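Each reported figure results from applying straightforward, stated rules to the coordinates on display, with no laboratory input. This one's a predicted model, so the numbers in the text were calculated from it and none came from an experiment. So basically every Cβ, Gly included, is an ideal-geometry build from the backbone, and we count neighbours across all protein chains shown.
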Amino acid sequence: MTDLDLDVVDQDDEQLDHGAGPADFDAFFAEESTTRPREQLTLYGTTYTLPGSLPLLFTLQMERVQDSSDPDDVRKMLATLYGGDVLDTWAEHGMTDRQLGVVLMYSAANIRKPGSVTMARAAELYAEQDAGKAEAPANRAQRRAKPKTKKRARSGARS
């Protein structure tokens with residue numbers, strides 16, 4: 001922090017009513033959440049209202065689910081955004097892994113900044129991400145397959 005930043009903090013401290021008790025983040029976050037716009041989406045006839053911000057539980061589970069093949073992990077992650085047991089509902093309607101990826105891409109972007117990503121753009125972003133994952137092994141394989149150059153004999157070296 002700079003001296004200027006500390007001056008601002010000091011001024012804010014002077015304006016506080018020190019007799020008001022502890023800081024009430026419950027009230028602050030509740031009030032803040034009513035002013036944030038929330039995106040809605042309709043999927044298989046059901047309208048879902050996305051949270052006002054990306055839940056920490058979702059972020060933590062997303063890291064865990066990347067290497068998991070357990071459907072319960074995916075269920076828990078999806079429930080934090082859409083509520084209920086949407087994985088089974090969506091699977092029963094024939095959702096593909098690509099479609100799930102597009103919905104998640106759209107949702108995450110629009111939770112962070114409502115209205116920032118269209119469905120078409122989410123599909124493009126998913127395709128770019130998916131292509132990036134597919135190219136990595138090919139590039140690694142290409143690097144391994146590169147012909148190795150033979151060592152040249154040094155001048156004056158014995159044979």
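Near D88, within a Cβ-to-Cβ distance under 12 Å, what is the net charge of the other residues, with Lys and Arg +1 and Asp and Glu -1? Numbers along the way, then the final one.
Working: positive: R75; negative: D72, D85, E92.
That sum, taken over residues with Cβ under 12 Å, equals -2.
Per-residue counts of other Cβ atoms within 10 Å, averaged by peptide: what ranking do you get for 32-44, 73-85, highest first?
Highest-to-lowest ranking by the protection proxy: 73-85, 32-44.
So how strong a dipole does the stretch 64-105 carry about its Cα centre when Lys and Arg Cβ are +1 and Asp and Glu Cβ are -1, to the nearest 20 debye?
180
Report the local net charge at G52: Lys and Arg +1, Asp and Glu -1, summed over other residues whose C-beta lies under 11 Å from its C-beta.
So the environment of G52 carries a net charge of +1.
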